Amino acid sequence: MSPKQASRAAGGGASRTAGALAPGRIAMVAVAVLTLVLIFENTREVKIRLLVPEVTLPLYVALLATALLGAGCGCYFAARRRK
């Protein structure tokens, strides 16, 4: 048995949970929670101009749409980078 295999066998499932609580994942969860708090605390109506039309909608809808568009663009470019 190689040293790598021996350490895996001795450690059991500890390495699986260590990866789940990585600092990067904890930071992303914290940012996601703070983003949702920001979005749902801002409920007043705002006027937004989209090229030509002016739309009145709750600020949380505009913030949520912007966050989803940003997340989608981030996922798209991350997937392109992996290729």
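Structural remarks
- Residues of region 31-47 classified as modelled with pLDDT of 90 or more and over 15 Å from ALA67 (Cβ atoms), total: 4
- Residue count, region 44-72 (criterion: surrounded by 10 or more Cβ atoms within 10 Å (Cβ to Cβ) and over 22 Å from the mean Cα position of the chain (by Cα)): 5
The values are calculated or read from the model by the stated rules, or taken from the named source; none is laboratory data. Since we're looking at a predicted model, the values are computed, not measured. Cβ atoms come from the backbone with ideal geometry, glycine included; neighbour counts cover every protein chain shown.
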